[in-house]
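Okay, so here's the structure we're looking at.
The values are calculated or read from the model by the stated rules, or taken from the named source; none is laboratory data. Computed from a predicted structure; not experimentally measured. All Cβ positions, glycine included, derive from the backbone under ideal geometry; neighbour counts span all protein chains shown.
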Amino acid sequence: MHHATLHRTTRTLPNLTAVDPADLVRRELVSLTIGDVRELIHHAYLAPVTAGKNKFVVVVAEQINHEAQNALLKLLEDPPAHTTFHFVVREQGRLLPTVLSRFAIHEEAAIDEEEGVADAFLRAPFAERLAEIARRVEEKDTAWQEALMAELELAAGQGALSRSAVAELLFVRGHLTGPGASRKMLLEHLALALPVLN
């Protein structure tokens, strides 16, 4: 299970406005250096301020130099269970294969192909939602699962979801990448927690 997601653009980053600012580290840099990685490691291993919640590290960089990639690899190989990482790196082709292998790659194309996934999901009765989740998990359709989460997060960022719905969404997103996480169970929780729209 990955604790880190690599995004192609900032458009697909999760909406983290409801996260306690003390549990969110965000860096926007031209080049991520070993000094920056050391700072991230320090923050990543600190316990979350909000009990039972995750810490989030978001890095937006044009590139990551090789020395920093080697330091980052050690962090991503054995990350703290309570920290989730999101990286946007413009020059992904310059990342070491060993570093790339530690990321779940967020493909924007998958979201485009599944446009309207969240709308259909929110309008579906609970039984249909659960059946769809069971089918997609059995088929290992992670593109659909990520498209659903990304579109729901976009809706949350636009104020289209209630505060309680946003809290449930953040809970599920925070645990999806956790060790031993059951994607099916977490998505089913979300399916039952979000109200059916007319």
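Close contacts from segment 86-112, counting a first residue that is part of a loop (DSSP other than H, G, I, E, B) and at pLDDT 90 or above and a second that is crowded, with 19+ Cβ neighbours inside 10 Å and among the hydroxyl-bearing types (Ser, Thr, Tyr), with Cβ to Cβ under 7 Å and a gap of 6+ residues or different chains, come to PHE103/THR5. With respect to the conditions (1) surrounded by 13 or more Cβ atoms within 10 Å (Cβ to Cβ); (2) on the phi > 0 side of the Ramachandran plot, GLY52 lacks only one, and its number is (1). Among the residues of segment 63-75, those identified as touching a strand residue (DSSP E or B) at 6+ places or on another chain (Cβ under 8 Å) and surrounded by fewer than 20 Cβ atoms within 10 Å (Cβ to Cβ) are GLN63, ASN65. Please find, among ALA120, ALA150, ALA181, the residue that is touching a Ser or Thr at 6+ places or on another chain (Cβ under 8 Å) and either free of Cβ contacts under 8 Å to residues at least 40 places away in the same chain or not assigned by TED's automatic domain parsing to the domain that holds LYS55 (or both). Going through ALA120, ALA150, ALA181 in turn, the sole match is ALA150. Could you check, for segment 8-25, whether at least one of its residues is over 23 Å from GLY159 (Cα atoms), among the hydroxyl-bearing types (Ser, Thr, Tyr) and not assigned by TED's automatic domain parsing to the domain that holds GLU146? No, every residue in segment 8-25 fails to be over 23 Å from GLY159 (Cα atoms), among the hydroxyl-bearing types (Ser, Thr, Tyr) and not assigned by TED's automatic domain parsing to the domain that holds GLU146. Here SER164 clears all of (1) part of a helix (DSSP H, G or I); (2) small (Gly, Ala, Ser); (3) under 24 Å from THR10 (Cβ atoms) except the condition numbered (3).
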